[in-house]
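Chemist: The structure's right below; bear with me while I get my questions together.
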Amino acid sequence: MEKIIAHIDMDAFFASIEQARRPWLKGKPIGITNHPDGRSVIATASYEARTYGIKSGMPVKEALKLFPNLILVKGDMNLYEKISDEIYEILIRYAPTVERFSIDEAFLDLTYKVKDYEEARVIGLEIKKEIFDKFSLPSTIGISYNKLIAKIASKEAKPNGLLVITKEEADTFLRKLQVSKIPGVGKKIEEVLKKKFNVETIEQLQKIGINELIKVFHTYGVFIYNAAHGIDNSEVVAEFEKEEEKSIGNSTTLDFDTDDIEVIKGVLRRLSSNICYRLRLKSLLAKRITLTIRYEDFSTFSHSKNIEKTNLDSQIYQEVLKLFFEIYSGQKVRLLGVSATHLNHIPYTLFNHNEEKNEKLLTAIDKVRNKIGNESISYANSVNLKFRLANKKISGGNSSAL
């Protein structure tokens, strides 16, 4: 049975909320930010501001250079999350299965709710109307036979639109689009496609074989190939069906017992980085961390503490170091382990963290890891750790295991 999937995306969500509750901001170029004093980034720009080239993630200082009259508004994350929850309550009345994709996006599986695309269109219009009537917020909906095409359709229908793409229409619809329209194909991948294959449109991309893409993009090449051909077999997963993460941990037995603090720091840095990478993949924040130390005599000790919820490498690493020095006995260490618990699934938003530069760096690092492997990139002290291991001439050592 062919599926019917809808993707709803709230238009300029944070900015639209501010314009709805402050009528004098309607029709004005506004940028929502955590720090209106200029030390932050633009979380969301209104459509009026976007005409001046202002985008989400842009530093406030850069945005003001583009348009000095931009109105900066301090965001209210608690309000945005509350409205997001209320919109979700509306959606679950229209579809048996709803997947919250982010704070302002969701997928609805209408397969067993409607008999055809026309009924799906009617439901889409009803959803848009109810959300607007209640919150004065515009939204866009894409409807198709899988999540990928539905999401691309909603992107193309913005703002405040509704677009239905049947399976028969999908290939024609895709071929005319630029490759950047594929979710997950960012500027860097777009540049590589242009350089390696002289590809700019999805129609051109469809002519590239899967093996050629794998050679360049490794496993991510499979996704690019499938997306170009409209292939996506992923399911819409309801909130209650998602397996709750209880903990995320990483441990390693060292290739040699050591009391070299710099070696130990390098190991803890890598363990913290690996955990944070996995937290970000699952859009999770940790509120408690545990450090485990096993000494050369096999005695094992653990130490835990509550922390401010985070998934940033620097914050987790600093807290892990504090735990280490609180319990370290001075003996040679055989095993180290770090785990994160008390996890919260919070939709990603630029308000989650204040360390904008670190956030950008981590996003770039995560993209590299997604493309060519988790161990493909390391912090400097992790690299120095390899040289320390080599200098110790450990027979048969495998530094990549640290």
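Chemist: With a ≥ b ≥ c taken as the square roots of the eigenvalues of the C-alpha gyration tensor of the stretch 139-211, please select rounded if a/c is under 1.5 and otherwise prolate if a/b is larger than b/c or oblate if it is not? List each step's numbers first, then the result.
Modeler: Values: a/c = 2.61, a/b = 1.71, b/c = 1.53.
Taking the square roots of the gyration eigenvalues as a ≥ b ≥ c, the stretch 139-211 is prolate.
Chemist: Listed highest first by mean packing, meaning other Cβ atoms within 10 Å per residue, what order do 45-57, 187-199 come in?
Modeler: Details: 45-57: 18.2, 187-199: 14.3.
The densest-packed peptide leads the list: 45-57, 187-199.
Chemist: Going by how many other Cβ atoms sit within 10 Å of their own, how do PHE325, PHE14 line up, fewest first?
Modeler: Numbers: PHE325 8, PHE14 30.
If I rank by nearby Cβ atoms, fewest first, I get PHE325, PHE14.
Chemist: Quick check on the exposure proxy: order LYS134, LYS332 from fewest to most C-beta atoms within 10 angstrom. Working shown, then result.
Modeler: Values: LYS134 12, LYS332 15.
Starting with the residue having the fewest Cβ neighbours, the order is LYS134, LYS332.
Chemist: Quick check on the exposure proxy: order THR252, THR140 from fewest to most C-beta atoms within 10 angstrom. All intermediate terms of the calculation are to be shown ahead of the outcome.
Modeler: Numbers: THR252 15, THR140 22.
Neighbour counts put them in this order, fewest first: THR252, THR140.
Chemist: Taking the Cα centre of the stretch 176-228 as the origin, how large is its charge dipole in debye, to the nearest 20, when only Lys and Arg (+1) and Asp and Glu (-1) carry charge on their Cβ atoms? Intermediate results must be reported in sequence, preceding the final value.
Modeler: Values: 9 positive and 5 negative charges, 20 e Å.
With Lys and Arg at +1 and Asp and Glu at -1, about 100 debye.
Chemist: Under 1.5 on a/c is rounded, so check that first for the stretch 1-168, then, if it is not, pick prolate when a/b is larger than b/c and oblate when it is not; a ≥ b ≥ c are the square roots of the alpha carbon gyration tensor eigenvalues. Each step should come with its number before you reach the end.
Modeler: Details: a/c = 2.48, a/b = 2.01, b/c = 1.23.
Prolate shape, in that a/c is at least 1.5 and a/b is the bigger ratio.
Chemist: Just check the stretch 176-228 against the gyration tensor rule for me: Cα atoms, a ≥ b ≥ c as the square roots of the eigenvalues, rounded for a/c under 1.5, and otherwise prolate or oblate depending on whether a/b exceeds b/c.
Modeler: Working: a/c = 1.29, a/b = 1.27, b/c = 1.02.
Cα axes put the stretch 176-228 in the rounded bin.
Chemist: OK, next. Taking the Cα centre of the stretch 270-323 as origin, work out the dipole magnitude from +1 charges on Lys and Arg Cβ and -1 charges on Asp and Glu Cβ, in debye rounded to 20. Intermediate results must be reported in sequence, preceding the final value.
Modeler: On the way: 10 positive and 5 negative charges, 66 e Å.
Around 320 debye, computed over the stretch 270-323.
Chemist: Nothing charged except the Cβ atoms of Lys and Arg (+1) and of Asp and Glu (-1): what's the magnitude of the dipole of the stretch 32-124 about its Cα centre? Round to the nearest 20 debye.
Modeler: Numbers: 12 positive and 15 negative charges, 87 e Å.
Roughly 420 debye, rounded to the nearest 20.
Chemist: Looking at the stretch 43-184, send over the antiparallel percent of its DSSP beta bridges, to the nearest 5.
Modeler: Working: 5 of 8 bridges.
So the antiparallel bridges amount to about 60 percent of the total.
Each reported figure results from applying straightforward, stated rules to the coordinates on display, with no laboratory input. As the structure is a prediction and not an experimental result, all values here were calculated from the model. Every residue, glycine among them, receives a Cβ derived from its backbone with ideal geometry; neighbour counts consider all protein chains shown.
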